[in-house]
Amino acid sequence: MEEVKVKKEIDLSDPAEIENRIKELCQQFPHGITDQVIQNDLPHLEPQQRAMAINKLLSLGQLDLLRNSSGLLYRLKDSQSTSKMKGSDNQEKLVYQIIEDAGNKGIWSRDIRFKSNLPLTEINKILKNLESKKLIKAVKSVAASKKKVYMLYNLQPDRSVTGGAWYSDQDFESEFVEVLNQQCFKFLQSKAEAARDSKQSPMVQRNSSFATSHEVWKYICELGISKVDLSMDDIETILNTLIYDGKAEMTVIAAKEGTVGSVDGQMKLYRGVNPIIQPTGLVKTPCGLCPVFDDCHEGGEISPSTCIYMTEWLEF
């Protein structure tokens, strides 16, 4: 017979028991508890007693004070974070916790202000103090060059913040991308030529002319033309530009689980192609083939005035 756990009665006259019960509730709900959760668990506890117990735990650095849409939230503090924030006041701890929750994507000061309900002048002061202690750092985002996001000092910024391999100090490395584009196409061309030289049946030639993204990635890595570590996703991004340029095509096949380069039982194959006839001028316009046509507008991230394809086409 399964053992039935009986809830232990709390001595409401003993502050230590109240504090321990609140910590137990925080352990049951790792994402945090509200005053209502404590009230439901300890219905006979006076509001003043509850406030005193929470303030005691906050002053000892055992709880984090957060704020969400429903109000205040109390969460059991991580022991490692406790040692880092020793000597900080509650406002500084709150800002640190908000930045920690943002992870490696970071958070803008405006959002910190919204989540903490602290004045902007106070937030700026706290941010400078945390930066001086090397607990957090400010990182410029490629999405908004004039704005900085804040994250924990030891975190590596997400690709959405830095722009990944294609950006250096917020500048888009167009020459680097072009070199990768050329080398990937060269590899696909050599694969197609080797297939044609094999003198096998047309179907076998066609199948052997395809290359996996892993093969292309390995080729680029062996060339040593990149100063940064490129991922398979990076190479697939370049291969997609070849598809948009009409220089390559892609097909997807089923693959055994664990096969190198496969994702969810599928594998992408690429091969270089040459157009049978040159398309007409109207078809060659970048806008006619652009996969992000609907997102293109003046002043946006994708804009006709900054489109390299449009610039090249107008220079023909």
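For region 169-192, which residues satisfy the criterion of being crowded, with 17+ Cβ neighbours inside 10 Å and in contact with a Ser or Thr (Cβ under 7 Å, 6 or more places away or on another chain)? Of everything in region 169-192, those that are crowded, with 17+ Cβ neighbours inside 10 Å and in contact with a Ser or Thr (Cβ under 7 Å, 6 or more places away or on another chain) turn out to be Lys191, Ala192. When you check Ser145 against the structure, is it open to solvent by less than 50 Å² (accessible area, probe 1.4 Å), at pLDDT below 80 and under 18 Å from the mean Cα position of the chain (by Cα), yes or no? When the stated conditions are applied, Ser145 does not pass them. For region 69-88, the criterion of being open to solvent by less than 60 Å² (accessible area, probe 1.4 Å), modelled with pLDDT of 85 or more and over 27 Å from the mean Cα position of the chain (by Cα) is met by none of the residues. List the number of the failed condition for Ser160; all other conditions in (1) part of a helix (DSSP H, G or I); (2) modelled with pLDDT of 90 or more; (3) open to solvent by 20 Å² or more (accessible area, probe 1.4 Å) hold. Looking at each condition in turn, Ser160 falls short on (2). Among residues of region 110-121 that are open to solvent by less than 50 Å² (accessible area, probe 1.4 Å), those with a beta-carbon under 8 Å from a residue that is not hydrophobic (A, V, I, L, M, F, W, C) at least six positions away or on a different chain give the pairs Ile112/Tyr150; Ser116/Arg67; Ser116/Gln91; Leu118/Gln91. Looking across region 239-249 at every residue that is in contact (Cβ under 8 Å) with a residue 40 or more places away in the chain and out of contact with any Phe, Trp or Tyr (no Cβ under 9 Å at 6 or more places or on another chain), the one that is surrounded by the most Cβ atoms within 10 Å (Cβ to Cβ) is identified as Thr241. Looking across region 24-64, the residues that are in a loop (DSSP other than H, G, I, E, B) and surrounded by 13 or more Cβ atoms within 10 Å (Cβ to Cβ) come down to Phe29, Gly32, Thr34, Leu42, Leu45, Gly61, Gln62. Here Ile10 qualifies as touching a Lys or Arg at 6+ places or on another chain (Cβ under 9 Å) and farther than 11 Å from Arg75 by Cα.
Per-residue answers, yes or no, for (1) at pLDDT 85 or above; (2) surrounded by 17 or more Cβ atoms within 10 Å (Cβ to Cβ):
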| position | (1), (2) |
| --- | --- |
| Ala194 | yes, no |
| Pro202 | no, no |
| Ala211 | yes, yes |
| Ile225 | no, no |
| Ile235 | yes, yes |
| Thr251 | yes, no |
| Gly258 | no, no |
| Ser262 | no, yes |
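The values are calculated or read from the model by the stated rules, or taken from the named source; none is laboratory data. Note that the structure is predicted; figures quoted are calculated from it, not measured. Every residue, glycine among them, receives a Cβ derived from its backbone with ideal geometry; neighbour counts consider all protein chains shown. Side chains are part of the model used for accessible areas, which takes the heavy atoms of the whole protein and leaves out ligands, DNA and RNA. Shrake-Rupley method; radii C 1.70, N 1.55, O 1.52, S 1.80 Å.
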